[in-house]
1. Rounded to whole Å, give me the distance from the Cα center of segment 243-312 to that of segment 117-134.
2. Using r as the Cβ-Cβ distance of residue 71 and residue 124, and R0 as 30 Å, what FRET efficiency do you calculate, to the nearest 0.05?
3. Along Cα→Cβ, 7 Å out, is where each label goes; now give me the distance between the ones at residue 211 and residue 157 in nm to one decimal.
4. For the chain, what is the relative contact order in percent, using Cα pairs closer than 8 Å and at least 6 residues apart in sequence?
5. At a Förster distance of 30 Å, what's the computed FRET efficiency of residue 271 paired with residue 230, Cβ-Cβ distance as r, to 0.05?
6. How much length is gained if the chain between residue 50 and residue 325 is pulled fully straight, taking 0.36 nm per residue apart and subtracting their Cα-Cα distance, in nm to one decimal?
7. Rounded, prolate or oblate: which fits segment 79-171, taking a ≥ b ≥ c as square roots of the Cα gyration tensor eigenvalues, rounded meaning a/c under 1.5, else prolate when a/b beats b/c?
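Readers should treat all values here as calculations from the given coordinates under stated rules, not as data from a laboratory. This is a predicted model, so every value here is computed, not measured. Here the Cβ positions follow ideal geometry from the backbone for every residue, glycine too, while neighbour counts run over all protein chains shown.
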Ligand code: SD4
């Protein structure tokens with residue numbers, strides 16, 4: 001293996017860390033590291049590590065990790081099999097960003113399995129950062145992405161059941177938290193390599209049975225995702241309206257820049273979310289932060305937000321975020 005390859009995979013830095021003067025604890029302060037939202041984040045993290053081991057960089061890794069979840073029809077708020085909007089159409093949002101500031105996003109995208117890859121293509125092949133709706137679809141088509149019907153029979157059934165129960169055609173704004181059909185399944189994945197270079201990606205079908213045209217936080221750089229090599233990265237899951245109001249992921253990265261530990265920064269963002277979210281009952285939000293040295297933090301409003309972390313040479317760990325509200 002080349003020396004450069006060893007450095008990239010953290011083997012040299014791991015040895016230096018173990019024997020050298022700046023000896024680091026193995027958990028929570030080592031690189032590379034990957035962290036992702038919810039239990040299905042495990043498949044994303046595992047894929048990301050595989051890509052890194054095979055010579056990809058962190059951008060390749062987070063894209064590939066998120067694609068696995070997008071293609072899994074059992075994950076009901078991401079990609080194929082995601083819940084449709086109130087009119088029965090599945091519309092997808094995604095973003096991708098690397099620590100240099102390069103980023104791309106798509107929103108209100110219909111008919112493509114891998115919005116995260118379209119987002120990356122926007123970043124790499126267009127003069128823009130963010131494409132939406134028909135324009136995003138036309139771009140994806142022109143770039144050769146395959147078109148698919150994203151509405152699975154199961155998602156259609158759930159939508160029909162939801163429709164039959166609705167007295168009004170307009171869903172309440174915090175339906176994700178009230179109808180119990182939907183969990184919070186957005187996938188967001190953050191990764192840092194052995195040198196401290198970061199990338200993150202996020203993908204969702206958004207709030208179940210949302211109003212037609214609704215876009216959440218996930219594709220909005222600074223809200224659902226923010227990455228800066230000088231500091232670290234952050235991402236969000238949960239009620240996007242509240243996350244957008246506080247530019248949650250950017251807030252967390254800036255709090256870390258000012259010296260807050262990742263978990264403290266996430267807690268402060270949850271507190272601000274709570275203060276700025278009038279919805280009743282309070283919706284769920286979960287934030288994840290990955291500092292450039294590999295330290296991970298998380299916090300949620302309601303109990304129950306889980307995430308997964310993996311460091312070099314260690315098993316994937318399932319973690320439960322601390323929460324502001326207790327049951
Ligand atoms: C959104 N934040 O569109 C996303 C949805 C989500 O768990 O994370 N659900 O608001």
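1. So the two Cα centres are separated by 26 Å.
2. Values: r = 21 Å, r/R0 = 0.71.
After rounding to 0.05, the efficiency reads 0.90.
3. About 3.1 nm separates the two model spin labels.
4. 21 percent.
5. Working: r = 25 Å, r/R0 = 0.82.
Approximately 0.75, to the nearest 0.05.
6. On the way: separation 275, 0.36 × 275 = 99.00 nm, distance 3.65 nm.
That works out to 95.4 nm of additional length.
7. On the way: a/c = 2.73, a/b = 2.18, b/c = 1.25.
Prolate shape, in that a/c is at least 1.5 and a/b is the bigger ratio.
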